[in-house]
DNA sequence: TTGAAAGCGCTAACAA
DNA sequence: TTGTTAGCGCTTTCAA
């Protein structure tokens, strides 16, 4: 493991010049710069990030705090962030808060505070005021992804609007009896997300002149199983059966499709189903959905942080709202018998 | 951000004593130790990992190198490793090799070498000799998970045996026409895994006195869609239809179940299906499977590394082979008409 | 059991 | 453009 001294020796310059030549900070003549680089390459020299961090106060490392890794949305955001960080020469250190409360405390009290990271990306976390406080105390840039974090800059899709688009799609097809499968209070991993999607759903109905029927709402936990169960409940009674379901996630929507099948209902013949996400399985099931782009969200979070860490590199487009797109596949169609009002 | 000096001042001792009291290295009287701890707590002092690493040469950080994050197996291994590391006071830095070749090279040439990690966990990676070489040059403990890495200590289930167990389960139920959906050559994310599972499948058949029929083998890419397609192909011809399918992953097995349904076949009435993994969706689909435990594999990898990094802490049980268990659910049963031989 | 002091490997003033 | 030098904050001999 050669050090900066050896490179300096081989190149016939001082360590300061090596540092400057390799980091690009400060002026070095082209000739010495290439001599230094050649020497570094020959020796296989790589800076010690610790020594460098200690001297500069910058770590070139970003902390990502996350409640689960195991779900499509989260791992996709992390992947997107990873790639973007790599391109910028940064490492990504992962802090999974999914464990016990102790683990969570320990992350906040010790790990994040070790000065190991230059900035933090918090994904879909419901943080307590004191947790946000300790993050802010670090005096490091923080950006949230996937939910409003009080007092922090956050990247998230407009859930009300997303739900509205989905519901309006069903309305436009002629549906009137539109059920909604949304989050239960216990699953608050995405803050007010369930609530917001329900709000958008109800707003669209109201504007479409359709009365809101509480019997057409069911709670689930954002999983396929949960969606299946909720849908089974919703669809059981042929007399009170909706002609369409808007599920707040694709996994629940897929559960709904499977439940419909098991009840002998055809999709979209007897039942239209739409979800949110464009989950990796959505296409396979022909699921119409409102796509969101988690990998892109991860990338965007990184861009924002880079802008704050390196004002020079700042990316121009910083306030594009997060995209989402209606994707029509084969799970939605006009209801079999269009009502005549 | 208080430093060690301030703690020393407040506790009325030297910085050396603070370091000793807080790290547990060296002897400090109980009274001063508690005084120091109180002072540290009062000031909210946390060591600077950089300064500490620079002085000790240890980073308390482990690098995890992985080809995808987006799949159940990988994210589960990472989660398991994360929790175990957290308990040991270590951070986890993630290196995703899924991108382009450039990204891959850059990870190996720069990132891992920055002396930022004390050890490396390589998950399901097919590494080139030169990549393994550069890892070994680091002179840091490395352990692989999920596939044999030439020259490295590796944790992986016995894929031949896993496949044998699955196939024997079907044989024991009375099946003779047993198809296999395995990996294609292009999907080598898990090395010889597809091959090994096929080997176990064929060995079990042979021992069961069943001839191997190449027409009963289909390739797929380990995804649900791929399994669906392969199964559709396998099941299309009623005359040549197998009574059971062993898929090399649960996702492909679920695809098979869905394909069977779409062809009007009942599972397990007309077709038994078994997979490998115990994927999160397996239970929902009533899928019989050979479970493996990726989170535990991640944890085990961490234990091994901790054993090498801290010989004192060494966990006794180091060579338990990785567990796998046959889980019988409702996707497997005796074939409808048992042959009379 | 404790303290003084010399680094760990690098960067950034400052001076030349 | 380059070199000298003083740290960055901590750990760890060595001595007391």
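The values are calculated or read from the model by the stated rules, or taken from the named source; none is laboratory data. Given the structure is predicted, the values throughout are model-derived calculations rather than measurements. When we count neighbours, we look across all protein chains shown, and the Cβ atoms used for this are built from the backbone with ideal geometry, even at glycine.
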If I filter segment A:73-102 down to residues being within 17 Å of residue B:65 (Cα to Cα) and free of Cβ contacts under 8 Å to residues at least 24 places away in the same chain, which single residue comes out as farthest from DNA strand D (Cβ to nearest atom)? A:75
Within segment A:273-294, the residues that are within 11 Å of another protein chain (Cβ to nearest Cβ) and surrounded by fewer than 19 Cβ atoms within 10 Å (Cβ to Cβ) are A:280, A:283, A:284
Looking for something over 25 Å from residue B:52 (Cβ atoms), touching a helix residue (DSSP H, G or I) at 6+ places or on another chain (Cβ under 7 Å) and more than 9 Å from chain B (Cβ to nearest Cβ) - is there at least one such residue anywhere in segment A:89-104? no
Considering each residue of segment A:214-230, count those that are out of contact with any helix residue (DSSP H, G or I) (no Cβ under 9 Å at 6 or more places or on another chain) and in contact (Cβ under 8 Å) with a residue 24 or more places away in the chain, and give that number. 0
Which members of segment A:235-250 meet the condition of being modelled with pLDDT of 95 or more, part of a helix (DSSP H, G or I) and in contact with a helix residue (DSSP H, G or I) (Cβ under 7 Å, 6 or more places away or on another chain)? A:235
Which numbered condition residue A:70 misses (of (1) more than 16 Å from DNA strand D (Cβ to nearest atom); (2) part of a helix (DSSP H, G or I); (3) surrounded by fewer than 20 Cβ atoms within 10 Å (Cβ to Cβ)): (2)
Just give me the residues in segment B:96-112 being crowded, with 21+ Cβ neighbours inside 10 Å and at pLDDT below 75, in sequence order. B:111, B:112
Of all residues being touching a strand residue (DSSP E or B) at 6+ places or on another chain (Cβ under 9 Å) and in a helix (DSSP H, G or I) in segment B:93-107, which is nearest to DNA strand C (Cβ to nearest atom)? Just the residue, please. B:107
Can you pull out every residue in segment A:23-35 that is under 42 Å from the mean Cα position of the chain (by Cα), near DNA strand D (Cβ under 10 Å from one of its atoms) and assigned to a helix (DSSP H, G or I)? A:33
In segment A:1-22, the residues that are touching a residue at least 24 places away in the same chain (Cβ under 8 Å), assigned to a helix (DSSP H, G or I) and within 44 Å of the chain's Cα centre (by Cα): A:4, A:7, A:22
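Table: residues versus (1) crowded, with 19+ Cβ neighbours inside 10 Å; (2) within 16 Å of DNA strand C (Cβ to nearest atom); (3) at the interface with another protein chain (Cβ under 10 Å from one of its Cβ atoms).
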residue	(1), (2), (3)
B:7	yes, yes, no
B:12	no, yes, no
B:36	yes, yes, no
B:74	yes, no, yes
Residue list for segment A:158-186, restricted to those being surrounded by 22 or more Cβ atoms within 10 Å (Cβ to Cβ) and outside any helix (DSSP H, G or I): A:175, A:178, A:179, A:180, A:181, A:182, A:183
Taking residue A:90 as the residue in question, decide whether it is within 16 Å of DNA strand C (Cβ to nearest atom), closer than 23 Å to residue A:111 by Cα, crowded, with 18+ Cβ neighbours inside 10 Å and under 24 Å from the mean Cα position of the chain (by Cα). yes
Give just the number: which of (1) surrounded by 22 or more Cβ atoms within 10 Å (Cβ to Cβ); (2) in a helix (DSSP H, G or I); (3) touching a helix residue (DSSP H, G or I) at 6+ places or on another chain (Cβ under 6 Å); (4) facing chain B (nearest Cβ under 8 Å) does residue A:84 not satisfy? (4)
Within segment A:61-70, is there a residue that is closer than 25 Å to residue B:133 by Cβ and touching a helix residue (DSSP H, G or I) at 6+ places or on another chain (Cβ under 8 Å)? no
Checking residue A:64 against (1) part of a helix (DSSP H, G or I); (2) away from DNA strand C (no atom under 12 Å from the Cβ); (3) crowded, with 20+ Cβ neighbours inside 10 Å: exactly one of these is not met. Which one? (1)
Looking at B:155, B:224, B:149, which one is out of contact with any strand residue (DSSP E or B) (no Cβ under 9 Å at 6 or more places or on another chain) and closer than 23 Å to residue B:72 by Cα? B:224
Answer yes or no: is there a residue in segment A:41-54 that is within 16 Å of DNA strand C (Cβ to nearest atom), touching a residue at least 24 places away in the same chain (Cβ under 8 Å), surrounded by fewer than 21 Cβ atoms within 10 Å (Cβ to Cβ) and assigned to a helix (DSSP H, G or I). yes
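Conditions tested, residue by residue: (1) within 21 Å of residue B:200 (Cβ to Cβ); (2) within 16 Å of DNA strand D (Cβ to nearest atom).
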{"site": "B:107", "(1), (2)": "no, no"}
{"site": "B:112", "(1), (2)": "no, no"}
{"site": "B:115", "(1), (2)": "no, yes"}
{"site": "B:133", "(1), (2)": "no, no"}
{"site": "B:136", "(1), (2)": "no, no"}
{"site": "B:142", "(1), (2)": "no, no"}
{"site": "B:155", "(1), (2)": "yes, no"}
{"site": "B:161", "(1), (2)": "yes, no"}
Selection count where residues are modelled with pLDDT of 95 or more and near DNA strand C (Cβ under 7 Å from one of its atoms), scope segment A:24-34: 0
Restricting to segment A:213-226, name every residue that is part of a helix (DSSP H, G or I) and over 21 Å from the mean Cα position of the chain (by Cα). A:214, A:215, A:216, A:225, A:226
Kindly indicate whether any position in segment B:117-138 is within 15 Å of residue A:60 (Cβ to Cβ) and within 9 Å of another protein chain (Cβ to nearest Cβ). no
I'd like to verify a number: residues in segment A:46-72 that are at the interface with chain B (Cβ under 7 Å from one of its Cβ atoms) and out of contact with any strand residue (DSSP E or B) (no Cβ under 9 Å at 6 or more places or on another chain), how many? 7
Scanning segment B:1-17 residue by residue, those within 11 Å of DNA strand D (Cβ to nearest atom) and either out of contact with any helix residue (DSSP H, G or I) (no Cβ under 7 Å at 6 or more places or on another chain) or within 19 Å of residue B:89 (Cα to Cα) (or both) turn out to be B:1, B:3, B:16
